[in-house]
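The values are calculated or read from the model by the stated rules, or taken from the named source; none is laboratory data. Note that the coordinates shown come from a computational prediction; the quantities given were computed from them, not determined experimentally. All Cβ positions, even for glycine, are placed from backbone atoms using ideal geometry, and neighbour counts span all protein chains on display. With ligands, DNA and RNA removed, areas are computed over all heavy atoms of the protein, side chains included. Shrake-Rupley method; radii C 1.70, N 1.55, O 1.52, S 1.80 Å.
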Amino acid sequence: MDEANDDCNQSQSRMSMSTKTPLSEIVQAFEELSDLLGSQTKDQKLPLDTFCEACSLVSVLFSCLGLAFKFAELEYVAKVHDLVEASKRFETLDNVLDLDTANNTVKTPGSHSRNLRRVRQGLDLIRALFEEFVSSNDYSLKNAASAAYAQVCAPYHTWAVRTAVSAGMYTLPTRDELLLKLNETDYTAEKKMRRYIKASRPVIAYIDNLYISRKISLDW
């Protein structure tokens, strides 16, 4: 009987690995971005429209987390939308930073460069959440989400926002509920989350370097 159950679980995992799920699409998009960065020569730049297409897929993850991450979902979606509109005028991420640097508007609210910085934080928040998720088997996501938020976003948020987020952590879905929303099993989710973690790192580092190379600090 146990062998039959094991066979059933393995079969379901294989199906979930091969089925096109939201997480599958996100992983594929970021692995393509990572590969693109890895194959670039020194003078090649990351296309803004390609970057936006990948980032647009991530918004579903925030919506799956419910009220606790509603602040992140609203901000992330708005910022990505702004960059999508910017991609109609700017070819690369570098072009965006070049213009705002020349106009001294990199940190100005509403500028494309500021919005890019916020989108980058959203990608990093998901990365941190996935790292916490795969390192624990906790039924509740509260500890994982709290640790990810504290690492990535809390240093830049006001006390009022941090307090609201903390209260919202109690409304997070359970681990099983999140997996159900994503149409994944524990096995397939962990595999894909690890792939996103690996693929997102060079993308995040690339964005950070756009600011650092222009002598713009990252403490904002």
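When the residues of segment 18-48 are filtered to those that are assigned to a helix (DSSP H, G or I) and polar (S, T, N, Q), the one that is modelled with the lowest pLDDT is Ser18. Scanning segment 124-138 for residues that are loosely packed, with under 14 Cβ neighbours inside 10 Å and under 23 Å from Ala205 (Cα atoms) yields a single hit, Ser135. Can you say whether Ser56 is in contact with a Lys or Arg (Cβ under 8 Å, 6 or more places away or on another chain), in a helix (DSSP H, G or I), of a type in the set (Gly, Ala, Ser) and over 17 Å from Asn209 (Cβ atoms), as far as the supplied structure shows? When the stated conditions are applied, Ser56 does not pass them. Taking every residue in segment 65-94 that is in a helix (DSSP H, G or I) and pairing it with any residue that is among the polar types (S, T, N, Q) and open to solvent by 50 Å² or more (accessible area, probe 1.4 Å), at least 6 positions away or on another chain, the pairs with Cβ-Cβ distances below 8 Å are Gly66/Thr171; Leu67/Thr171; Ala68/Thr171; Glu73/Ser63; Val80/Ser56; Val84/Ser56. Of the listed requirements (1) of a type outside the set (Lys, Arg); (2) surrounded by 14 or more Cβ atoms within 10 Å (Cβ to Cβ); (3) at pLDDT 95 or above, Glu73 misses just one: (3). The residue of segment 95-123 that is most open to solvent (accessible area, probe 1.4 Å), among those that are within 12 Å of Lys79 (Cα to Cα) and not in a helix (DSSP H, G or I), is Pro109.
Residues that are closer than 19 Å to Phe51 by Cα, basic (Lys, Arg), part of a helix (DSSP H, G or I) and in contact (Cβ under 8 Å) with a residue 24 or more places away in the chain: does segment 127-136 have at least one? Yes, segment 127-136 contains a residue that is closer than 19 Å to Phe51 by Cα, basic (Lys, Arg), part of a helix (DSSP H, G or I) and in contact (Cβ under 8 Å) with a residue 24 or more places away in the chain. Among the residues of segment 76-89, those that are more than 30 Å from Thr171 (Cβ to Cβ) and either surrounded by 19 or more Cβ atoms within 10 Å (Cβ to Cβ) or modelled with pLDDT under 95 (or both) comprise Ala86, Ser87.
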